[in-house]
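Comments concern the structure below.
The values are calculated or read from the model by the stated rules, or taken from the named source; none is laboratory data. Just so you know, these numbers come straight off a predicted model, no measurement behind them. Cβ sites come from the backbone with ideal geometry, for glycine too, and all protein chains shown count toward neighbours.
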């Protein structure tokens, strides 16, 4: 790091002016960390290399998490993983990301560099390139440290067709691992709660796991795609995903006992009166798979580092269409609702 | 507008929770205003219809302008125009936009609706669709009203190749209209300066103008593309664009007298000690064109409502390579520098 012209080691309004300091920040931080030839052209738009065949997918998310750094991740890692995962669960191979920074005047330059470094490392591990970006600086007090927006483009390979409308009664609901880690990790980091709980965000890029799954179990015996739909269970947690799916007109039944939840997460959740099934995840997805391919799908997931604790948690039903039912360990059945309020804002 | 479940007419943290209120906001505001079938799928990523042939372009910008509404535009119109223009000046036909909102808790719902309506109207007039989005809500005081990020994808038609590296000595520098309007309009609106000046932002989508130009003057007599490069002169104004271009190794000479500046903008600028050549624009672009096609290009621009005041302002030179020189009305020559500080933050 050598911001020679910079009058100080914090971000100033002039870093967002489009003038000299903006150019210096670009060269010394963004171009160095996100080292790639497309970005290096520094045009108003990135001109992308030819894409593989398939359907283009476009997604976006803004990241406003507080604190910026938490066990298992930071706002930069989150900004890459979240957008990569939104593409992956649509069946797309994530390829290129844009990033827009809104930075509060006075932010230590070191903090920005740590975040950008983390984005670069995560992008490398996910196999995506950050090819275009923008930096705005707002006055002290007009934002909260750093907000990051990432948009992403990817390509859905021919033959891949994931959609909630493809769910059928009898299909199996699977998760790739324990739920609730991210929400609880951020809550503990934010509130500085004095738990001796070792909870780490699950924040991870899921595109490798998804690609392995779609390649290994392409079709059900009926000739249609074996994987019906997928979604990463971010804000609102697992239950929100299931409720959104149920809106497409099927019933969903979940076995409470079958949903993996880490001991520490369960303990903290119980203490705080939070339901881990509504707690945010950033590397955990739910998927629906044809019954004849469920065992094969589970085996593929468990063979991947991000799916070791994959589990079947329920199934699609013709009964109680439009609703999600939870079967408790005592055999009772409870209808689950979407989150009505805000369990924990600024979670991602 | 009928947000039946909403407890009030302002944005609450729960509108960003991913739960019930988020879904209601989506349905009642975003889906209604941005009415299109791709967005209506509400998947984690938008699945785009097949694209026309050509090279994909990707761009992004965040918009943090204060005030949110100003003469000639608002943050929503800006967010669409800015990203459409970044695609257009790369030679791309803008097609699809994403949008990410970061909203401050307590924002009047009406304000959001006005902004979203403005985005929808502008997108319609620019011929682009807003196909995917995200909403985050942060606590009162943690942001400033609304920040919007838009990313955009477009396709550069085969044969179009715009790049500063294509400029040659003798090429002609053109602008499509007067410079400085946006910066001065926002400054007057923000500072509530008691000028009786009628200054309106130039905020407009330039893709129609650019497409007309590229279609009408495709080639120079030497067989290469007649238009060498284009850039919209946003933050840092016209001079910043020229300085960036000069960095590619050519000299640029501008006739001060030839640069169109509205009388009101000139008067306010002089009073405030601002140089309109550094003032931001949001519908004004500079372009470099082969000398044999300059007259034809000018005629095409002037025939378009957004290019009526187009003018030749200078030329590319072999002398003073890497630098931009301004020839004053008195014949003196002054080297222009990029903006060193921040003339006016939060301009876009």
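Of the residues B:265, B:324, B:312, only one is buried (at least 22 other Cβ atoms within 10 Å of the Cβ), modelled with pLDDT of 95 or more and touching a strand residue (DSSP E or B) at 6+ places or on another chain (Cβ under 6 Å); which?
Details: B:265 fails: touching a strand residue (DSSP E or B) at 6+ places or on another chain (Cβ under 6 Å); B:312 fails: buried (at least 22 other Cβ atoms within 10 Å of the Cβ).
Among B:265, B:324, B:312, only B:324 is buried (at least 22 other Cβ atoms within 10 Å of the Cβ), modelled with pLDDT of 95 or more and touching a strand residue (DSSP E or B) at 6+ places or on another chain (Cβ under 6 Å).
Among the residues of region A:287-328, the ones that are under 22 Å from residue A:262 (Cβ atoms) and in a loop (DSSP other than H, G, I, E, B) come to 9 in all.
Of all residues in region A:223-240, those being in a helix (DSSP H, G or I) and under 14 Å from residue A:283 (Cα atoms) number 2.
Looking at residue B:159, is it in contact (Cβ under 8 Å) with a residue 24 or more places away in the chain, away from every other protein chain (no Cβ under 12 Å) and touching a helix residue (DSSP H, G or I) at 6+ places or on another chain (Cβ under 8 Å)? Break it down stepwise before answering.
Values: in contact (Cβ under 8 Å) with a residue 24 or more places away in the chain: yes; away from every other protein chain (no Cβ under 12 Å): yes; touching a helix residue (DSSP H, G or I) at 6+ places or on another chain (Cβ under 8 Å): no.
Here the answer is no, as residue B:159 does not meet what is asked.
Given the condition within 12 Å of another protein chain (Cβ to nearest Cβ), surrounded by 24 or more Cβ atoms within 10 Å (Cβ to Cβ) and assigned to a helix (DSSP H, G or I), answer yes or no: does some residue in region B:87-99 qualify? For region B:87-99, residues within 12 Å of another protein chain (Cβ to nearest Cβ), surrounded by 24 or more Cβ atoms within 10 Å (Cβ to Cβ) and assigned to a helix (DSSP H, G or I): present. Tallying residues that are within 30 Å of residue B:16 (Cβ to Cβ) and touching a helix residue (DSSP H, G or I) at 6+ places or on another chain (Cβ under 8 Å) within region A:322-345 yields 14.
Picking from residues in region A:51-65 that are part of a loop (DSSP other than H, G, I, E, B) and facing chain B (nearest Cβ under 7 Å), the one that is nearest to residue A:160 (Cα to Cα) is A:51.
Looking only at region B:116-134, filter to residues that are part of a helix (DSSP H, G or I) and touching a strand residue (DSSP E or B) at 6+ places or on another chain (Cβ under 6 Å); which one of those is nearest to the other protein chains (Cβ to nearest Cβ)?
Quick first cut of region B:116-134, residues part of a helix (DSSP H, G or I) only: B:116-126.
Checking the rest, the ones that are also touching a strand residue (DSSP E or B) at 6+ places or on another chain (Cβ under 6 Å) come to B:118, B:123.
Details: B:118: 19, B:123: 14 Å.
In this case the residue turns out to be B:123.
For region A:163-181, indicate whether the set of residues that are in a helix (DSSP H, G or I) and either more than 14 Å from chain B (Cβ to nearest Cβ) or free of Cβ contacts under 8 Å to residues at least 12 places away in the same chain (or both) is non-empty.
So the first thing to find is which residues in region A:163-181 are in a helix (DSSP H, G or I), and the list is A:164-166, A:181.
Then drop every residue that is not either more than 14 Å from chain B (Cβ to nearest Cβ) or free of Cβ contacts under 8 Å to residues at least 12 places away in the same chain (or both), which leaves A:181.
Taking every residue of region A:163-181 in turn, at least one turns out to be in a helix (DSSP H, G or I) and either more than 14 Å from chain B (Cβ to nearest Cβ) or free of Cβ contacts under 8 Å to residues at least 12 places away in the same chain (or both).
Of all residues in region A:22-40 being more than 8 Å from every other protein chain (Cβ to nearest Cβ) and more than 28 Å from the chain's Cα centre (by Cα), which is farthest from residue B:233 (Cα to Cα)? Please lay out each step first, then the result.
Quick first cut of region A:22-40, residues more than 8 Å from every other protein chain (Cβ to nearest Cβ) only: A:24-40.
Of the ones still in play, those that are also more than 28 Å from the chain's Cα centre (by Cα) are A:24, A:27-28.
On the way: A:24: 19, A:27: 20, A:28: 23 Å.
Filtering first and then ranking leaves A:28.
Please determine, by comparing only the residues of region A:66-86 that are in contact with a helix residue (DSSP H, G or I) (Cβ under 8 Å, 6 or more places away or on another chain) and assigned to a helix (DSSP H, G or I), which one is farthest from residue B:64 (Cα to Cα).
Initially, region A:66-86 is screened for residues in contact with a helix residue (DSSP H, G or I) (Cβ under 8 Å, 6 or more places away or on another chain), giving A:66-77, A:79-81, A:84-85.
Still in the running and assigned to a helix (DSSP H, G or I): A:75-77, A:79-81, A:84-85.
Working: A:75: 20, A:76: 20, A:77: 24, A:79: 19, A:80: 22, A:81: 25, A:84: 25, A:85: 27 Å.
Applying the filter and picking the extreme gives A:85.
With the condition kept exactly as written, say whether any residue in region A:70-78 is within 22 Å of residue B:281 (Cα to Cα) and more than 8 Å from chain B (Cβ to nearest Cβ). Within region A:70-78, not a single residue is within 22 Å of residue B:281 (Cα to Cα) and more than 8 Å from chain B (Cβ to nearest Cβ).
Taking the criterion of being under 14 Å from residue A:256 (Cβ atoms) and within 14 Å of another protein chain (Cβ to nearest Cβ), the only residue of region A:329-346 that qualifies is A:336. Among the residues of region A:100-146, none is identified as surrounded by fewer than 20 Cβ atoms within 10 Å (Cβ to Cβ), under 18 Å from the mean Cα position of the chain (by Cα) and under 25 Å from residue B:141 (Cα atoms). Answer with yes or no whether residue A:331 is assigned to a loop (DSSP other than H, G, I, E, B) and in contact (Cβ under 8 Å) with a residue 40 or more places away in the chain. No.
Name the residue, out of B:193, B:213, B:209, that is modelled with pLDDT under 90 and either surrounded by 24 or more Cβ atoms within 10 Å (Cβ to Cβ) or within 25 Å of residue B:236 (Cβ to Cβ) (or both). Full working, then the answer.
Numbers: B:213 fails: modelled with pLDDT under 90; B:209 fails: modelled with pLDDT under 90.
Matching residue, one of B:193, B:213, B:209: B:193.
Okay, residues lined up against (1) in contact (Cβ under 8 Å) with a residue 24 or more places away in the chain; (2) closer than 17 Å to residue A:89 by Cα; (3) within 14 Å of another protein chain (Cβ to nearest Cβ):
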{"residue": "A:228", "(1), (2), (3)": "yes, yes, yes"}
{"residue": "A:239", "(1), (2), (3)": "yes, yes, yes"}
{"residue": "A:265", "(1), (2), (3)": "yes, no, no"}
{"residue": "A:273", "(1), (2), (3)": "no, no, no"}
{"residue": "A:277", "(1), (2), (3)": "yes, no, yes"}
{"residue": "A:280", "(1), (2), (3)": "yes, yes, yes"}
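Screening residue A:81 on (1) within 26 Å of residue A:141 (Cβ to Cβ); (2) crowded, with 24+ Cβ neighbours inside 10 Å shows it passes everything except condition (1).
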